Amino acid sequence: MFLIPLIGMIRQYGSGRAFSAFGVPVMEGFEGEKIQWMVDLGSNFHSLLGWTMLVLILGHVGAVVMHYRQGDKQVLRRMTRGVRQH
């Protein structure tokens with residue numbers, strides 16, 4: 001979860017463009033040539049990691065639905081609150 005925004009910021013910095021998150025300036029842009037290895041790193045992995053994370057989230061949601069339909073009605077409660085010890 002931390003790699004996706006980090007790699008996106010590396011790509012943004014390498015491109016020389018300024019970046020602001022929610023109106024707060026995070027980094028300034030620069031004049032001159034791009035830092036190509038940073039742009040390439042971001043271009044190669046930022047999107048791939050984002051799609052991978054989406055697939056993992058959908059897989060987990062699907063597993064919760066599958067367990068629920070098979071009769072395990074407490075699966076979501078155990079995932080969010082844990083198992084109570086008696």
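The slack in the chain from residue 56 to residue 33, taken as 0.36 nm per residue of separation less the alpha-carbon distance, amounts to 4.6 nm. In a DSSP loop and with at most 10 other Cβ atoms within 10 Å, the chymotrypsin sites (Phe, Trp or Tyr not before Pro) in segment 17-63 are 22.
The helix-based estimate of mean residue ellipticity at 222 nm for the chain, built from -39,500 (n - 2.57) per DSSP H run of four or more residues and divided by its residue count, is -21500 deg cm²/dmol to the nearest 500. One entry in (1) 70; (2) 79; (3) 59 is percent of Cα pairs over 15 Å apart calculated from the shown coordinates; its label is (1). Just checking the listed ones, 36, 12, 74: in the Gaussian network model of the chain with Cα springs under 10 Å, the one fluctuating most is 74.
Here the 3J(HN,Hα) profile of segment 8-13, calculated from phi with Karplus coefficients 6.51, -1.76 and 1.60 at θ = phi - 60°, is x, 5, 4, 4, 4, 5 Hz, Gly and Pro shown as x.
A short reminder: the numbers here are calculations on the coordinates, not readings from a lab. Keep in mind the model is a prediction, meaning the values are calculated, not measured. Quick reminder, even Gly has a Cβ in these numbers, built from the backbone with ideal geometry, and neighbours come from all protein chains shown.
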